[in-house]
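*Asks:* What follows is a single structure, and I will ask about it in a moment.
The values are calculated or read from the model by the stated rules, or taken from the named source; none is laboratory data. Only a predicted model underlies this, so the values are computations on that prediction, with no experimental measurement involved. Cβ sites come from the backbone with ideal geometry, for glycine too, and all protein chains shown count toward neighbours. Accessible surface areas use protein heavy atoms only, side chains included; no ligands, DNA or RNA. Shrake-Rupley method; radii C 1.70, N 1.55, O 1.52, S 1.80 Å.
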Amino acid sequence: MESPRLDQLRKTLRPLTFAVFAGSQILDIINVTGVTFALPSIAKTYGISDTEASWVLSAYSLTFGSFLLIAGRLGDVVGHHMVYSVGLLFFAICSAICAGVDNVIALYVVRALQGIAAACTIPTSYALVATTFTGKSQQMAVSGLGACQAVGAVVGTLVGGAFTTTSIGYKGLFWLSFALSMVFAVLAFTLIPPSPTNFTMAKKLDYPGAVFITIAALLLVFGFTEAPTGWHQAKVIAPIVLGGVIILFFLVWEEFILEKHFSLEPLIPRKVWSYHNFGPVVPITGFTYATFFIILLNGSQFLIRVQGKSQMTAAIQFLPTSVVALISMFALGAIYGRIPPKWVIAAGEVLGVVGVLLFSRNELDTNFWRFTFTGELVMIVGMSGYFVNYLNVAISSAPAEMQGLIAGILQTVAQLGTALGFAIASSLIHGGTREELKDDYRNSFYTAMAFGSASFVLAVVFIKSSMVGDDEKVEEEEEKEEKVEGVEGGSANIGKLGSDGESTIVGTAVGSRVPSFEKLEV
């Protein structure tokens, strides 16, 4: 049984709890973008090619993107607190090993394990925010987590670039990850209250389906990761085709085979797709993440390879993106709901496209303030409109026990969208002179603009302005009427006298469709 003092401490330190959620989000993204900038240091340390060194990044990305869905579902079953906290602890251990090993093969393996640990912290953190905070605080917290992904992506470029200029090299990034994740893990075990479990579902969960979808995601992410080296290669075509076939089989398995021949719970229940606005948010997430990471990764490489900037200078020139993201996302979070999220997301996609267009106007020697700064500024203000709203929109009508799964689906799509978008955009870059590279990078930016435009069209056409569907509004009104009748008339179904002399009234928690029980003194 939980101590009353511990409960009070957790309530008092909720801002610190959010800081843990936010910090772990930033840490996960830093281990992608930061390592991207540290790859030259890794290649130099082990005397390997840049292509071989890139597997330090690819190993993490493969497992991270592939295990998000199963991690979210696992949290729904065994408790999000446990999956999140253990994931952070495992992440810390892997970070320490990555910093300590001097064998590149061992580094590949441990990075893959670190990706699994990171996957355990992303969907579960969103689900924990939904149960730890309520009302406006919950909306602000979800918005803040969206902001942290954008901030982490930019901070990673700065941190990764900074460590490569020191004697400790790339290992500094992993030592930093170890220290931060260990602190976060201790705080998570202490400050986050235990989450509900559903071990009955665990016995009936679709484990074969989990294997199918994980393998499919691994193959797709691998194929898209290798695509920049040439789409015609067997190592690109085979994984993408096979992954697509397995996904189709997974859909047939869960829709037609599972219910008829096995007594198992689907990994992705059919009702998930009926949640208000969840369907259109899924493809918008994939397209928007593709847009954001194309301009972040290819934009920074444009500054290095075309304009001749150093890695550190390129990272610093992207730093305003992080600062503006923090300011704009929390400002938008504060006014969340006053303007329908549909139009905030749509307007944000337009600004994102305009920002990328401005950045693409850079020449070989263009001043930083003319197109780089203005493009970054407009782009990140626009992207903030998406990051602040998309998770709130997606989980607004979902029950608490499904929010981990929903976050897992969205983040899996985000990873696949990033991998596919970056693969398409990067395959347009062939090298040569700086002038030729300038044209190639512009084409990649135009690709990002196409993805952003697709997101805009989907948002305008398919996202509904209301946050809750009409049928859900009817249910809410019925619940309110029943609650009032129970309070006024002592209804046996709603309000009943407990053995301890207290009246138990069933309500509905903010942001959740799960009944909550409040006790009133009689």
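*Asks:* Could you estimate the translational diffusion coefficient of segment 1-71 from the Stokes-Einstein equation, with Rh from the Kirkwood formula over C-alpha pairs, at 10 °C and 1.306 mPa s, in whole µm²/s? Please report the intermediate quantities before stating the final value.
*Replies:* Values: Rh = 15.1 Å.
The Stokes-Einstein estimate is 105 µm²/s.
*Asks:* Write down, largest first, the equivalent ellipsoid semi-axes of segment 311-416 in whole Å, where each equals the square root of 5 times an eigenvalue of the alpha-carbon gyration tensor.
*Replies:* 30, 15, 12
*Asks:* How many Å² of accessible area per residue for segment 209-264, probe 1.4 Å?
*Replies:* Counting only protein heavy atoms, the per-residue value for segment 209-264 is 54 Å².
*Asks:* Here is a further query. In segment 249-347, which trypsin sites (Lys or Arg not before Pro) fall in coil by DSSP and have 12 or fewer other Cβ atoms within 10 Å?
*Replies:* When the trypsin sites (Lys or Arg not before Pro) of segment 249-347 are filtered for loop state and at most 12 Cβ neighbours within 10 Å, Arg338 remain.
*Asks:* Then there is this: So what is the accessible area of segment 12-205 per residue, in Å², with the probe set to 1.4 Å?
*Replies:* Result: 33 Å² of accessible area for each residue.
*Asks:* Then there is this: Please label the shape of the chain as rounded, prolate or oblate, based on the square roots a ≥ b ≥ c of the eigenvalues of the alpha-carbon gyration tensor (a/c under 1.5 means rounded; beyond that, a/b larger than b/c means prolate, else oblate).
*Replies:* It comes out prolate by the Cα gyration axes.
*Asks:* Shifting gears a bit: For Leu57, Leu391, give the ranking by accessible area with the largest first, probe 1.4 Å.
*Replies:* Heavy-atom accessible area, descending, gives Leu57, Leu391.
*Asks:* Rounded to two decimals, what is Rg over Rh for segment 274-464 when you use alpha-carbon atoms and the Kirkwood radius? Walk me through the numbers on the way to the answer.
*Replies:* Working: Rg = 16.9 Å, Rh = 16.9 Å.
Using Cα coordinates only, the ratio equals 1.00.
*Asks:* Now a separate question. Thr131 accessible area, nearest 10 Å², 1.4 Å probe?
*Replies:* 80 Å²
*Asks:* Suppose a student asked you for the relative contact order of segment 209-264, using Cα pairs under 8 Å spaced at least 6 residues apart; what percent would you report?
*Replies:* Normalised by residue count, the contact order of segment 209-264 is 41 percent.
*Asks:* Which of Lys235/Lys342; Lys204/Lys271; Lys11/Lys342; Lys136/Lys464; Lys203/Lys271; Lys235/Lys309 have a Cα-Cα distance over 28 Å? The partial results should precede the final answer.
*Replies:* Working: Lys235/Lys342 40 Å; Lys204/Lys271 17 Å; Lys11/Lys342 33 Å; Lys136/Lys464 21 Å; Lys203/Lys271 20 Å; Lys235/Lys309 33 Å.
Pairs exceeding 28 Å: Lys235/Lys342; Lys11/Lys342; Lys235/Lys309.
*Asks:* Gain in length, Leu9 to Glu436, computed as 0.36 nm per residue apart minus the alpha-carbon separation, to one decimal in nm?
*Replies:* Gain in length upon complete extension: 147.7 nm.
*Asks:* Report the gain in length on full extension from Gln233 to Thr200: 0.36 nm times residue separation, minus Cα-Cα distance, nm rounded to one decimal.
*Replies:* Fully extending the segment from Gln233 to Thr200 adds 7.3 nm.
*Asks:* So, one more: Leaving ligands, DNA and RNA out of it, rank Lys235, Lys171 by accessible area with a 1.4 Å probe, largest first.
*Replies:* The most accessible residue leads, giving Lys235, Lys171.
*Asks:* Now for a different question. Normalised by the number of residues in the chain, what is the relative contact order in percent for Cα pairs under 8 Å and 6+ residues apart? Numbers along the way, then the final one.
*Replies:* Details: 896 pairs, mean separation 103.0, N = 522.
About 20 percent, as a whole number.
*Asks:* Something else about it: In the neighborhood of Ile463, defined by Cβ-to-Cβ distances under 14 Å, what is the net charge if each Lys or Arg adds +1 and each Asp or Glu adds -1?
*Replies:* Value of the local net charge: +1.
*Asks:* Quick check: with the 1.4 Å probe, what order do Asp440, Asp50 take by accessible area, largest first?
*Replies:* Result, largest first: Asp50, Asp440.
*Asks:* Sticking with this structure for a sec: Take segment 12-205, drop everything but the C-alpha atoms, weight them equally and run the Debye formula without solvent; then report log10 I(q)/I(0) at 0.08, 0.10 Å⁻¹ to two decimals.
*Replies:* -0.26, -0.40
*Asks:* Another question, if that's okay. Note down the relative contact order for segment 12-205 as a percent, whole number, built from C-alpha pairs under 8 angstrom at least six residues apart.
*Replies:* Once normalised by length, the contact order is 40 percent.
*Asks:* Separate question: When the chain is fully extended, how far beyond the present Cα-Cα distance does Asn443 get from Lys260, taking 0.36 nm per residue of separation?
*Replies:* Length gained between Asn443 and Lys260: 61.0 nm.
*Asks:* If I model segment 357-413 as equal point scatterers sitting on the Cα atoms and use the Debye formula, what is log10 I(q)/I(0) at q = 0.19, 0.20, 0.21, 0.23 Å⁻¹?
*Replies:* -0.71, -0.74, -0.77, -0.84
*Asks:* Related question: What distance in nm lies between label points placed 7 Å from Cα along the C-beta direction at Asp102 and Val183?
*Replies:* With each label placed 7 Å out from Cα toward Cβ, I get 3.0 nm.
*Asks:* Determine, from the Cβ-Cβ distance of Lys464 and Leu248 and an R0 of 22 Å, the FRET efficiency 1/(1 + (r/R0)^6), rounded to the nearest 0.05.
*Replies:* It comes out at approximately 0.15.
*Asks:* If I model segment 16-112 as equal point scatterers sitting on the Cα atoms and use the Debye formula, what is log10 I(q)/I(0) at q = 0.16, 0.23, 0.24 Å⁻¹?
*Replies:* These q points yield log10 I(q)/I(0) values of -0.74, -1.27, -1.34.
*Asks:* Another one. For the chain, what % of the accessible area comes from carbon and sulfur atoms, probe 1.4 Å?
*Replies:* On the way: 14630 of 21650 Å².
The C+S portion of the solvent-accessible surface of the chain is 68 percent.
*Asks:* Still on this model: Where Rh denotes the Kirkwood radius from the mean inverse Cα pair distance, what is Rg over Rh for segment 188-320?
*Replies:* In segment 188-320, Rg relative to Rh is 1.11.
*Asks:* Hey, another quick one. Just from its helices, what would the mean residue ellipticity at 222 nm be for the chain, if runs of 4 or more DSSP H residues each count -39500 (n - 2.57) and the sum is divided by every residue, rounded to the nearest 500 deg cm²/dmol?
*Replies:* After summing the helix terms and dividing by residue count, I get -25000 deg cm²/dmol.
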